[in-house]
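Colleague: What follows is a single structure, and I will ask about it in a moment.
The values are calculated or read from the model by the stated rules, or taken from the named source; none is laboratory data. This is a predicted model, so every value here is computed, not measured. Note: ideal-geometry Cβ built from the backbone for every residue, glycine included; neighbour counts use all protein chains shown. SASA here: full protein model, heavy atoms, side chains in, ligands and nucleic acids out. Shrake-Rupley method; radii C 1.70, N 1.55, O 1.52, S 1.80 Å.
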Amino acid sequence: MKYIVITKKHLMIFCSCFLASIIAIICSVGVLANSDRKLPIYCVDTEEKKIALSFDAAWGNDDTQTLIDTLAEYDAKATFFVVGAWVDKYPESVKALSDAGHQVMNHSNTHPYMTKINATQKIDEINACNKKIFEVTGVTPTLFRPPYGDYDNATIEAVENLGMYTVQWDVDSLDWKENATADSICKRVTSKVKNGSIVLFHNDADHTPAALPNILKCLKDEGYEFVFISDLILKENYEIKHDGTQCKIEKDGE
């Protein structure tokens, strides 16, 4: 008889990502029901073959250096969203990410549900994480990804008031799933990516290091360029459609 061993790491990643998926579905339904709802940026409307790779770092750290090495091998840029508590535990990895030329962005300080804390706490979560990242990298983050994909108007407004952008994803690698394999991760990502996509991975999912080389090779062979999220998104004259696509607002005469 075979037994499935579920480690603490597996459980934490599963719970976090499962909840993120549920919240994303609920948020999508809410968007259709409430046109006044503010939205993060899920992807960008562009004719250029540019996509952004992103990794969330909140728990473990076993594979971070492997990811750095693989990205370097394929000359690929990536955006890492880190939790402040993760910066406290692994400052050397945060510095390694920055020194390798990747962007280190904000994933909150303690990984809370942003909709369950008040306005002051939202600001404190973001500012505390920004401070920790700046102390290690010398760069203040301009992007925020809410933990669990959990956001509301007040969250996005808090981010905007800090001069930052709230970012989600339109392609979820599902690398956190217990039954994920390197092959399933690769097939899922490469089949769903399109111009302007933002792809979600996790820095400590079991099979991401094995899946990443094939993903990078396949997408490069298809002509995609890997860019930072901050370079992919529009900074002005834009709107966000109901599905989270950020689009340029054409001015009269253009």
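Colleague: Quick one: D204 ticks every box in (1) out of contact with any Leu (no Cβ under 9 Å at 6 or more places or on another chain); (2) over 28 Å from K38 (Cβ atoms); (3) open to solvent by 30 Å² or more (accessible area, probe 1.4 Å) except a single one, so which number is it?
Modeller: Going through the list (1) out of contact with any Leu (no Cβ under 9 Å at 6 or more places or on another chain); (2) over 28 Å from K38 (Cβ atoms); (3) open to solvent by 30 Å² or more (accessible area, probe 1.4 Å), D204 breaks only (3).
Colleague: Mind checking which residues of the stretch 223-248 are aromatic (F, W, Y) and free of Cβ contacts under 8 Å to residues at least 60 places away in the same chain?
Modeller: The answer is Y238, and nothing else.
Colleague: Now for a separate question. For the stretch 115-126, check the following and say yes or no: at least one residue is surrounded by 20 or more Cβ atoms within 10 Å (Cβ to Cβ), out of contact with any Pro (no Cβ under 8 Å at 6 or more places or on another chain), under 30 Å from E157 (Cβ atoms) and aliphatic (A, V, I, L, M).
Modeller: yes
Colleague: Checking V44 against (1) surrounded by 15 or more Cβ atoms within 10 Å (Cβ to Cβ); (2) more than 18 Å from D172 (Cβ to Cβ); (3) modelled with pLDDT of 95 or more: exactly one of these is not met. Which one?
Modeller: The number of the failed condition is (2).
Colleague: Take E73 and tell me if it is closer than 28 Å to G223 by Cα and among the charged types (D, E, K, R).
Modeller: In short, yes.
Colleague: Still on this model: Are there any pairs with C-beta distances below 8 angstrom linking a residue in the stretch 187-201 that is of a type in the set (S, T, N, Q) to a residue that is open to solvent by 30 Å² or more (accessible area, probe 1.4 Å) and in a helix (DSSP H, G or I), with the two at least 6 apart or on different chains, and if so which?
Modeller: Filtered contacts from the stretch 187-201: T190/C218.
Colleague: Okay, moving on. Of everything in the stretch 137-191, what is open to solvent by 30 Å² or more (accessible area, probe 1.4 Å), under 19 Å from S230 (Cα atoms), of a type outside the set (S, T, N, Q) and not in a loop (DSSP other than H, G, I, E, B)? Give them in sequence order.
Modeller: Across the stretch 137-191, the qualifying residues are E157, E160, Y165.
Colleague: Another question, then. Can you find, within the stretch 50-67, the residue that is nearest to the chain's Cα centre (by Cα) among those that are part of a helix (DSSP H, G or I) and of a type in the set (V, I, T)?
Modeller: Once the filter is applied, the top-ranked residue is T64.
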